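Since the structure comes first, as structure tokens, the remarks are kept for the end.
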Amino acid sequence: MPDSSLILRQVILRAATDARVRRFVDRYGMRLGGERFVAGTTLDDAVGVLRRLNELGLLTNTTLLGEHVTEDQAAREVAAIYERVLERISAEALRTNVALKLTHLGLEFGEEIAYANVARVVGHAAALGNFVRIDMEESAWVDATLRIYRRLREAGHENTGTVLQAYLYRTEADLESLLDLKPNLRLVKGAYLEPESVAYPLKQDVDDAYRRLLERMLVDCSYIGVATHDESLIAHTLDVALREGLGLDRFGFQMLYGVRPGLQLSLARRGYSVLVATPYGPEWYPYLMRRLAERPANLLFVLRNVLKG
Ligand SMILES: Cc1cc2nc3c(=O)[nH]c(=O)nc-3n(C[C@H](O)[C@H](O)[C@H](O)COP(=O)(O)OP(=O)(O)OC[C@H]3O[C@@H](n4cnc5c(N)ncnc54)[C@H](O)[C@@H]3O)c2cc1C
């Protein structure tokens with residue numbers, strides 16, 4: 001039997017595709033709570049937030065929010081924007097890299113198009129001494145994302161990494177298939193609405209899978225971004241790192257802008273690498289809905305803002 005928080009999560013993720021919900025949230029969402037999770041709608045807004053986080057001793061990444069682009073020209077424009085983002089990061093001397101989604105770069109209408117666009121961004125990042133992480137999206141895109149990641153690495157692009165999701169049954173096999181690349185991976189629990197045929201329905205099973213993957217990745221990957229706010233998994237990471245004698249260059253913690261900021265700072269003050277994923281852009285709707293679904297208590301936060309007017 002799925003637990004009640006899982007049911008609520010599914011309800012929110014399903015409601016996210018309803019046109020009326022979208023109209024309401026598009027109109028009021030930013031004011032009602034979106035600002036907590038999104039660093040504004042423009043790059044200028046984001047730069048101010050990224051600088052403030054860097055000054056607190058936190059590393060950052062940034063993402064131009066958007067996904068599922070359906071025109072070739074639009075996908076090329078997204079790649080061009082990422083080139084400008086990388087230039088701005090360099091000019092501002094920010095400790096920020098880039099995380100992007102392949103469906104934003106055209107994956108939905110062609111793997112070659114997405115590959116060409118991401119290779120262009122990764123190449124530009126290399127010239128500026130920066131790094132690009134390819135986020136993982138719905139399970140339908142996992143094969144293509146892993147193929148593109150492999151192709152980039154085999155073409156000599158070292159400054160790139162991708163993401164594995166613990167909730168998918170397939171992920172242990174995917175990890176195995178990537179190990180020859182000595183990959184740089186981020187491990188997450190998984191944020192999308194997936195059927196029971198592909199993903200663990202119970203939170204406890206997802207947490208157990210995360211723990212198993214974490215142990216393997218800490219030892220076998222060149223770097224792992226432990227992307228979770230789950231304190232027991234963070235403590236487990238530190239135990240394994242100690243037991244295996246891993247240097248601080250082999251792993252880092254990654255959290256979301258607006259989520260557990262106190263925990264982010266306390267880990268950074270203890271000397272660990274903490275990266276805060278800090279997206280921006282006008283297309284914040286699906287991102288905000290995923291954040292609400294992860295913790296339905298966030299809905300209360302939004303509703304409190306509605307009542308405050
Ligand atoms: C840096 C980063 C990058 C990510 N990239 C991807 C990706 O590429 N693909 C993907 O599918 N998913 C991605 N995710 C999302 C991830 O899959 C989870 O949905 C999300 O991190 C919540 O899971 P958790 O590990 O924090 O654990 P949970 O068990 O969900 O949460 C643990 C605790 O963290 C706090 N918490 C968690 N989420 C929230 C929230 N939204 N608001 C307030 N408190 C919260 C709560 O205190 C909760 O009890 C990413 C997450 C992070 C941190």
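Checked against (1) touching a strand residue (DSSP E or B) at 6+ places or on another chain (Cβ under 9 Å); (2) touching a residue at least 40 places away in the same chain (Cβ under 8 Å); (3) hydrophobic (A, V, I, L, M, F, W, C), VAL25 passes all but condition (1).
When residues of segment 38-47 are filtered for being touching a residue at least 24 places away in the same chain (Cβ under 8 Å), surrounded by fewer than 20 Cβ atoms within 10 Å (Cβ to Cβ) and in a helix (DSSP H, G or I), how many remain?
The initial filter retains those residues of segment 38-47 that are touching a residue at least 24 places away in the same chain (Cβ under 8 Å), namely 38-43, 45-47.
Those still in the list that are surrounded by fewer than 20 Cβ atoms within 10 Å (Cβ to Cβ) too: 41-43, 45.
Subsequent filtering for residues that are in a helix (DSSP H, G or I) retains 43, 45.
Of the residues in segment 38-47, 2 are touching a residue at least 24 places away in the same chain (Cβ under 8 Å), surrounded by fewer than 20 Cβ atoms within 10 Å (Cβ to Cβ) and in a helix (DSSP H, G or I).
Among the residues of segment 113-160, those that are aliphatic (A, V, I, L, M) and not in a helix (DSSP H, G or I) comprise LEU128, VAL132, ILE134, MET136, ALA155. Scanning segment 263-299 for residues being within 11 Å of the ligand (Cβ to nearest atom) and either without any contact (Cβ under 8 Å) to a residue 12 or more places away in the chain or not acidic (Asp, Glu) (or both) gives a total of 20.
Out of curiosity, is TYR210 aromatic (Phe, Trp, Tyr), within 13 Å of the ligand (Cβ to nearest atom) and open to solvent by 50 Å² or more (accessible area, probe 1.4 Å)?
Spelling it out, it is not the case that TYR210 is aromatic (Phe, Trp, Tyr), within 13 Å of the ligand (Cβ to nearest atom) and open to solvent by 50 Å² or more (accessible area, probe 1.4 Å).
Have a look at LEU50, LEU64, LEU8 and point out the one that is open to solvent by 40 Å² or more (accessible area, probe 1.4 Å) and among the hydrophobic types (A, V, I, L, M, F, W, C). Can you show your working first?
Values: LEU50 fails: open to solvent by 40 Å² or more (accessible area, probe 1.4 Å); LEU64 fails: open to solvent by 40 Å² or more (accessible area, probe 1.4 Å).
Exactly one residue qualifies, and that residue is LEU8.
Return yes or no: is ARG147 basic (Lys, Arg) and surrounded by 18 or more Cβ atoms within 10 Å (Cβ to Cβ)? Considered against the rule, which asks whether it is basic (Lys, Arg) and surrounded by 18 or more Cβ atoms within 10 Å (Cβ to Cβ), ARG147 comes out as no.
The set of residues from segment 54-94 being under 17 Å from the mean Cα position of the chain (by Cα), within 20 Å of ALA126 (Cβ to Cβ) and either assigned to a loop (DSSP other than H, G, I, E, B) or not β-branched (Val, Ile, Thr) (or both) comprises LEU59, ASN61, THR63, LEU64, TYR82.
Count of segment 101-129 residues, restricted to those that are buried (at least 20 other Cβ atoms within 10 Å of the Cβ) and closer than 20 Å to ILE89 by Cβ, is 9.
Any idea which residue in segment 153-164 is most open to solvent (accessible area, probe 1.4 Å), counting only those that are touching a helix residue (DSSP H, G or I) at 6+ places or on another chain (Cβ under 6 Å) and not basic (Lys, Arg)? Reasoning before the result, please.
Start the filter on segment 153-164 by keeping residues that are touching a helix residue (DSSP H, G or I) at 6+ places or on another chain (Cβ under 6 Å), which leaves 153, 157, 159-160, 162, 164.
From what's left, not basic (Lys, Arg): 157, 159-160, 162, 164.
Details: HIS157: 41, ASN159: 26, THR160: 1, THR162: 0, LEU164: 3 Å².
For segment 153-164, the residue satisfying everything is HIS157.
Residues in segment 227-246 include at least one that is buried (at least 19 other Cβ atoms within 10 Å of the Cβ), within 21 Å of PHE37 (Cβ to Cβ), of a type outside the set (A, V, I, L, M, F, W, C) and at pLDDT 95 or above. Inspect all residues belonging to segment 250-260 and state whether any of them is open to solvent by 60 Å² or more (accessible area, probe 1.4 Å), touching a residue at least 12 places away in the same chain (Cβ under 8 Å) and within 12 Å of the ligand (Cβ to nearest atom). Yes, segment 250-260 contains a residue that is open to solvent by 60 Å² or more (accessible area, probe 1.4 Å), touching a residue at least 12 places away in the same chain (Cβ under 8 Å) and within 12 Å of the ligand (Cβ to nearest atom). If the condition is being within 17 Å of ARG291 (Cα to Cα) and either aromatic (Phe, Trp, Tyr) or more than 14 Å from the ligand (Cβ to nearest atom) (or both), then segment 164-201 contributes TYR167, TYR192.
The values are calculated or read from the model by the stated rules, or taken from the named source; none is laboratory data. Computed from a predicted structure; not experimentally measured. Cβ coordinates were reconstructed from backbone atoms using ideal geometry, including for glycine residues, and neighbour counts include every protein chain displayed. Surface accessibility is based on the protein's heavy atoms, side chains included, excluding ligands, DNA and RNA. Shrake-Rupley method; radii C 1.70, N 1.55, O 1.52, S 1.80 Å.
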